Structures are given as structure tokens and as C-alpha cells.
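Worksheet: the structure to be examined is printed underneath.
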Amino acid sequence: MAAAAFPITEGEKRLLRWHLYVAYIAIAVGIFFGLLQVLSRAGLFLDLLRPWYDYYQGLTFHGVLNALVWTTFNIVALLSLAVRTALGRPLYSLSLGWTGFGLMTVGVAAAGYAILTRQANVLYTFYPPLMAHPAFYLGATLLIVGSWVSGANLILTYAAWRRENPGRRTPLMAFGSITTFVLWYIATLGVAIEVLFLLLPWSLGLVRQTNPMLARTLFWYFGHPLVYFWLLPTYVAWYTMVPRLAGGKLYNDPMARLAFLMLLLFSTPVGLHHQYADPAIGQEWKLVHAFSTFLVATPSLLTAFNLMASLEHAGRQRGGRGRIDWIFRLPWGEPAFAGAALSMIAFIFGGISGIVNASYNVNLVVHNTSWVPGHFHLTVGTAVTLTFMAMATWMVPYLTGRALWSRKVALATMYLWFAGVMIFSTGMMRGGLEGEPRRSNLGFSPYVLPEWRPFLIMAAVGGTLMFIAGVLFLLNMAMTIWFSKQPAQVEVPMAEALHPAEDAPWAFERWRVWLAVAAVLIVVAYAPVLRQVLQVSPFSAYGYLPSSAAPIR
Ligand code: HAS
């Protein structure tokens with residue numbers, strides 16, 4: 001991999017630090033509402049909560065701040081650092097970087113205002129006919145437009161590097177980062193059309209009725225690649241940073257590139273696996289999307305193999321001999337490594353539960369049950385989030401110049417979060433198999449079945465441990481940023497590969513070809529579906545405010 005030719009500037013550090021600060025404020029509020037949710041669902045502390053707590057407002061805050069804000073700000077910071085380090089050149093434009101940051105932050109403030117004033121209790125999927133205040137939709141739009149601007153900054157940095165290095169393979173760290181943003185541009189087209197042409201005019205009162213099925217289909221065109229927008233930066237860290245943190249090398253660089261490209265191609269034509277139970281879409285297309293979902297799981301299986309081989313190599317470098325001895329030789333006492341490795345273990349279960357979800361008929365057992373949040377707390381809630389926390393233990397010192405305040409607290413964060421999510425997700429998933437619904441204020445409802453009780457309590461215990469781990473993480477970051485006195489001595493970890501980039505076919509660098517293939521797959525998978533939806537589903541839905549049973553006419 002390329003070494004950093006231009007050391008990072010103070011201006012770049014400040015830009016990336018501010019992204020992390022916003023991410024940390026978001027997750028602080030997000031996990032607070034997460035705690036209230038698990039407690040209230042389990043029927044605990046209801047007397048304390050009853051006077052002021054609004055479950056759907058809390059769930060909207062929790063989903064929007066954790067799944068959309070914490071992730072996006074972290075991704076821009078991590079991938080900007082990855083691109084500029086791997087390419088060994090400064091970011092194309094600091095002003096562009098700040099413009100992206102500014103737009104995203106104003107967007108978060110606008111959406112936050114709408115949620116805070118209880119005018120947007122529509123959850124992070126904002127399905128119509130639930131209607132939010134226009135500030136919510138405008139805020140979501142600005143968040144996305146800001147991320148486009150920040151992504152453009154990385155692509156321009158890459159284009160400048162490519163002009164100066166015509167015959168060289170793109171370093172894997174930059175390759176994965178650029179793939180992430182290309183995927184993001186493709187994915188966000190769906191939600192941009194949904195918000196700008198359907199939801200915003202409807203919420204502003206310019207049109208009175210909308211088409212919920214069309215909106216849901218556009219949302220899930222975006223919603224599934226969205227999960228890979230979260231996952232790919234995690235893979236950038238797992239492939240290109242973690243082997244170095246483990247004291248070894250990445251096993252196979254070309255195989256990692258193949259995984260990134262497969263994720264780019266197959267992550268969009270699969271959105272109907274979120275809509276197996278929806279009307280207006282034919283079963284034949286749902287089945288096609290079910291098969292392509294299995295296709296999009298394949299690069300993650302390649303990743304599991306490649307990472308396991310890399311970690312085994314590292315363990316053997318550290319003196320491991322037998323079949324499993326190498327596992328214990330890995331640096332489990334280093335927070336950055338331990339957090340990332342625990343995230344990988346959680347992702348094994350996240351992946352298995354994803355394949356259960358994807359199976360058309362089995363999905364009908366788990367759909368809209370608490371199984372689904374069990375699945376996504378193992379994926380975005382741990383594989384992604386715990387990896388970001390683990391990377392923060394070197395990234396915040398690197399960006400602030402201050403040593404990590406406490407290694408012990410960081411280690412406790414990683415193990416506690418992992419223990420918490422394993423208990424939480426087991427509770428949610430087992431409850432889901434008993435029919436426990438998701439997105440329901442169970443503590444305040446009369447229909448809780450006795451067989452759900454142990455699993456609700458289990459989820460409350462696990463969720464509380466995750467909350468404590470989150471507080472420890474935020475405490476450690478705050479103390480590092482404000483009070484740590486020791487100077488930091490860290491570099492961006494960049495792993496070399498045993499099978500290097502030069503073994504990869506040149507075709508992997510042909511972005512235009514891959515974009516064309518992606519476009520064809522999207523048209524094949526979505527054109528007939530949109531035609532069906534438009535034929536069957538009318539623009540007839542008035543808006544509903546979540547607090548009222550009467551439509552807005
Ligand atoms: Fe999912 C629902 C299917 C992956 C997130 N998913 C969701 C929702 C979210 C989400 C947020 O088919 C809820 C949406 C909502 O609000 O309604 N998902 C899948 C499949 C995968 C998958 C097939 N999901 C993710 C990822 C997410 C995410 C990644 C976030 C980052 N998901 C579904 C379906 C639904 C769904 C349906 C709809 C359910 C419904 O009915 O509503 C696959 O991509 C998973 C492939 C993963 C693997 C695992 C590979 C393992 C690796 C780790 C290696 C470990 C090592 C350990 C090396 C095959 C790479 C080393 C350790 C040592 C000790 C050495």
C-alpha cells in the first residue's frame with residue numbers, strides 16, 4: 001500500500017474531528033432513547049416514564065440519530081482519512097469538505113427540531129401515510145446532499161491521484177472507500193426521488209394525497225444499499241487496518257476488491273426482501289429479489305474467509321502453533337483490535353439472521369417481529385458501530401494529538417458492548433419467534449403474552465449493558481479530547497497484503513464498466529416492479545399525524 005507522502009494538515013484534522021463530534025452527540029442522544037425503549041418495552045419504570053415519555057418520538061430519535069447520523073458522520077470522517085492516507089495526498093478541497101459538513105449538520109438540526117417538537121414521530125423509515133413536518137424531510141434531504149458533497153471531495157481527490165498515477169492499482173483502502181461512495185450515489189437516488197417528488201410536496205400541502213406503495217418501494221430501493229453504505233467502511237477497516245492492528249497482513253487483496261465490487265453490483269437489485277409482505281408487487285419479482293439477496297451475501301462469505309485467513313496469519317506471526325492456539329495469541333488486550341474482532345464475531349450471527357430474513361417463506365415468520373431489530377443490532381448496531389468505536393481509539397488521538405485517556409475503559413467498552421448485544425439480540429430474536437412485535441410500545445399495551453416476558457427482560461438487561469458501554473465510550477472520548485495531557489503517538493494503521501494488489505485483474509479498475517453493469521441490473525430488477533406498483537396502487541392516501549386517528553384533508 002502507498003505510504004502517506006503528505007502528512008495530514010491541521011485543517012484536515014479539524015474538519016474530520018468535527019464530523020466525529022457531531023457523531024458523538026448523535027449517539028449520546030440515540031442510546032439514551034435506546035435505553036428507555038428496552039425498559040419501557042419490558043414494562044420497567046413505567047411510572048417514571050409515563051408523564052413525559054413518548055415511545056414513537058423516542059424510537060424516531062433512536063433510529064434517525066444512530067442509524068443515519070452517527071453512521072454518516074463517522075463514515076465521512078473515516079473514509080476521508082482512509083482516502084487521503086492511502087493515496088498519500090491531501091483532500092481535494094477543504095472548503096468542499098466544510099460545505100458537506102455544514103449541509104449535513106443543518107439537515108440534522110432541521111430534522112431534530114421536527115422530532116423534538118413531536119411533529120415527526122415517523123420513525124427512521126418515514127413511511128407514508130404517516131406525515132412529518134416539512135423540516136424533517138428537508139433535513140433528511142440536506143443530510144444526503146451534504147454527504148454527496150463530501151463524497152465528491154473524495155472522488156475528486158482520487159481523480160487527481162489517478163491522473164498522476166495512470167498505470168498503478170488503486171490502494172485497497174482508497175478502492176473500498178470510493179466504492180462506498182459510488183454505491184451511495186446509486187442508492188440515494190431512490191430516496192431523493194421519494195422525498196422531493198412525493199413526501200415534501202405532500203407535507204407542504206402542495207398535493208393532498210400520495211402513494212404509500214410507491215414511496216415504500218422507492219425507500220427500499222435506497223434502504224438496502226443503505227445498509228451496505230454502513231458495512232463497506234467497516235470492511236475498509238477490517239481489510240486494511242485490522243490485520244495491521246493484529247500484527248499481520250491481509251491474506252488476499254484481489255479477493256477483497258472482488259468483494260467490494262460484488263457489493264456494489266448486487267446491493268441495489270434486492271430491496272424487495274423488505275417488502276415480501278407488501279401488496280401491489282408480484283410474487284415473481286419478490287422471488288427474483290430473494291435470489292439476488294443470496295448473491296449479495298456471497299461477498300460477505302468471501303470476506304469471512306479472507307479475514308479469518310488474515311487473522312490466522314497474524315496469530316501465527318505472534319507465535320501461535322496449533323489449530324486454535326493462534327486465536328489466543330491475537331492482541332485481545334488492545335481495544336482497537338478487540339473491538340473490531342468482537343464486531344466480526346457478532347456479524348457472523350448478524351449474517352446468519354440476515355439469511356433467515358432473506359428466505360422468502362421463512363421471512364413471513366419473522367417479519368415485523370422483534371427478530372428484525374435483533375438482526376440489525378448485530379449488524380449496524382455492532383459490526384458497524386463497535387468497529388467505529390474501536391477505530392476511534394486510535395483515530396481520536398490521531399486527530400487531536402492527545403493520547404487515549406484510558407485503555408482500560410476502552411477495553412471495558414468493547415467487551416461490555418459485545419456481551420450486551422449478544423444478550424439483547426438473543427432476547428429480541430427469541431421473542432420474535434414467539435410473535436413479539438417490533439415497533440410496539442409493549443410496556444403500555446394490554447396484549448403482552450406471558451411467553452414474551454423472559455425475552456423482554458433479557459433484551460432489557462442486554463440493552464442496559466450496551467447503554468453503559470456507550471456511556472463509557474463517550475466518557476473516554478470526552479476525556480481524551482478535553483483533558484488528556486499525554487501527546488499521542490499513533491499512525492493510521494495500513495496493512496500490507498500477502499497476495500498483493502498487482503495480482504488483481506485490471507478490469508477491477510474499470511469504474512465505467514461496473515457502473516454500466518450496476519445500471520442494467522437495477523433497470524432489470526426495478527422497471528417491472530415500478531410498473532406494477534403504478535398500475536395497481538393509486539395516489540389516494542391522505543396524511544396522518546402519528547398522534548391522531550383522523551387523516552389530514
Ligand atoms: Fe439486514 C432487515 C437481509 C446484512 C441491517 N437489515 C434489516 C434491517 C436493518 C438491516 C437495519 O432479507 C431493518 C430494516 C427495517 O427497519 O425494516 N441483511 C440481510 C442479509 C444480509 C444483511 C441477507 N443487514 C445487513 C447488514 C446491515 C443490515 C450488513 C447493516 C449494516 N435484512 C435482511 C432482510 C431484512 C433485513 C431480508 C428484512 C427483514 C424484514 O422482514 O423486515 C447479508 O448481507 C448478510 C451477509 C453476512 C454474512 C456474515 C459474514 C461474516 C463475516 C464475519 C467474519 C468473522 C470473522 C471472525 C473472520 C454472510 C464477514 C474472526 C474471529 C476470530 C475469533 C478470529
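The values are calculated or read from the model by the stated rules, or taken from the named source; none is laboratory data. Treat the numbers as computed from the prediction; the structure is a model and nothing was measured. Glycine also receives a Cβ, built like all others from the backbone with ideal geometry; neighbour counts cover every protein chain displayed.
Among the residues of the range 317-350, those that are within 12 Å of the ligand (Cβ to nearest atom) and in contact with an Asp or Glu (Cβ under 9 Å, 6 or more places away or on another chain) comprise 320, 326, 327. In this entry, residue 309 passes the filter for residues that are under 26 Å from residue 175 (Cβ atoms), more than 8 Å from the ligand (Cβ to nearest atom), in contact (Cβ under 8 Å) with a residue 40 or more places away in the chain and in contact with a strand residue (DSSP E or B) (Cβ under 9 Å, 6 or more places away or on another chain).
Would you be able to say whether some residue in the range 112-134 is of a type in the set (Phe, Trp, Tyr), under 20 Å from the mean Cα position of the chain (by Cα) and assigned to a helix (DSSP H, G or I)? No: the range 112-134 contains no residue that is of a type in the set (Phe, Trp, Tyr), under 20 Å from the mean Cα position of the chain (by Cα) and assigned to a helix (DSSP H, G or I). Of all residues in the range 273-293, those that are surrounded by fewer than 18 Cβ atoms within 10 Å (Cβ to Cβ), within 25 Å of the chain's Cα centre (by Cα) and assigned to a helix (DSSP H, G or I) total 1. Taken over the range 369-385, the residue count meeting the criterion of being within 8 Å of the ligand (Cβ to nearest atom), within 26 Å of residue 286 (Cβ to Cβ) and aliphatic (A, V, I, L, M) is 2. Among the residues in the range 212-231, are any in contact with a Lys or Arg (Cβ under 8 Å, 6 or more places away or on another chain) and either hydrophobic (A, V, I, L, M, F, W, C) or in contact (Cβ under 8 Å) with a residue 12 or more places away in the chain (or both)? No, the range 212-231 contains no residue that is in contact with a Lys or Arg (Cβ under 8 Å, 6 or more places away or on another chain) and either hydrophobic (A, V, I, L, M, F, W, C) or in contact (Cβ under 8 Å) with a residue 12 or more places away in the chain (or both).
Of all residues in the range 431-452, those that are assigned to a helix (DSSP H, G or I) and touching a residue at least 40 places away in the same chain (Cβ under 8 Å) total 6.
Listed here are the residues, each with its yes/no results for (1) in contact with a Lys or Arg (Cβ under 9 Å, 6 or more places away or on another chain); (2) surrounded by fewer than 16 Cβ atoms within 10 Å (Cβ to Cβ).
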| residue | (1), (2) |
| --- | --- |
| 466 | no, no |
| 499 | no, no |
| 518 | no, no |
| 530 | no, yes |
| 543 | yes, no |
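Within the option set 507, 525, being loosely packed, with under 13 Cβ neighbours inside 10 Å and hydrophobic (A, V, I, L, M, F, W, C) holds for one residue only, 507. Every condition in (1) surrounded by fewer than 23 Cβ atoms within 10 Å (Cβ to Cβ); (2) free of Cβ contacts under 8 Å to residues at least 60 places away in the same chain; (3) within 9 Å of the ligand (Cβ to nearest atom) holds for residue 297 except the one numbered (2). Cβ-Cβ contacts under 9 Å between residues 6 or more apart (or on different chains), taken from a first residue in the range 356-368 that is within 15 Å of residue 275 (Cβ to Cβ) and within 8 Å of the ligand (Cβ to nearest atom) to a second residue that is outside any helix (DSSP H, G or I) and not charged (D, E, K, R), are listed as 357/367; 358/270; 363/276; 363/277; 367/276; 367/277; 368/277; 368/437.
Scanning the range 310-328 for residues being on the phi < 0 side of the Ramachandran plot and surrounded by fewer than 18 Cβ atoms within 10 Å (Cβ to Cβ) gives a total of 10.
I'd like the residue in the range 238-247 that is out of contact with any strand residue (DSSP E or B) (no Cβ under 8 Å at 6 or more places or on another chain) and surrounded by 24 or more Cβ atoms within 10 Å (Cβ to Cβ) and, out of all such residues, is farthest from residue 176 (Cα to Cα). My answer is 246. Within the range 197-208, one or more residues are touching a residue at least 40 places away in the same chain (Cβ under 8 Å) and out of contact with any helix residue (DSSP H, G or I) (no Cβ under 7 Å at 6 or more places or on another chain).
Being surrounded by 17 or more Cβ atoms within 10 Å (Cβ to Cβ), assigned to a helix (DSSP H, G or I) and within 20 Å of the chain's Cα centre (by Cα) is a description that does not apply to residue 97. Within the range 193-221, the residues that satisfy the criterion of being within 29 Å of residue 511 (Cα to Cα) and either surrounded by fewer than 18 Cβ atoms within 10 Å (Cβ to Cβ) or in contact with a strand residue (DSSP E or B) (Cβ under 9 Å, 6 or more places away or on another chain) (or both) are 193, 196.
Sub-6 Å Cβ pairs linking a first residue in the range 78-94 that is free of Cβ contacts under 8 Å to residues at least 60 places away in the same chain to a second residue that is assigned to a loop (DSSP other than H, G, I, E, B) and surrounded by fewer than 24 Cβ atoms within 10 Å (Cβ to Cβ), at least 6 apart or interchain, number zero.
Here residue 389 clears all of (1) more than 9 Å from the ligand (Cβ to nearest atom); (2) of a type outside the set (Ser, Thr, Tyr); (3) surrounded by fewer than 20 Cβ atoms within 10 Å (Cβ to Cβ) except the condition numbered (3). Beta carbons closer than 7 Å, at least 6 apart along the sequence or on distinct chains, pair a first residue in the range 323-334 that is closer than 12 Å to residue 308 by Cα with a second that is among the acidic types (Asp, Glu) and surrounded by 11 or more Cβ atoms within 10 Å (Cβ to Cβ) for 326/312. Do you know which residues across the range 52-81 are of a type outside the set (Ser, Thr, Tyr) and touching a Pro at 6+ places or on another chain (Cβ under 8 Å)? Matches in the range 52-81: 74, 75, 78, 79. The lone criterion from (1) surrounded by 22 or more Cβ atoms within 10 Å (Cβ to Cβ); (2) at pLDDT below 95 left unmet by residue 4 is number (1).
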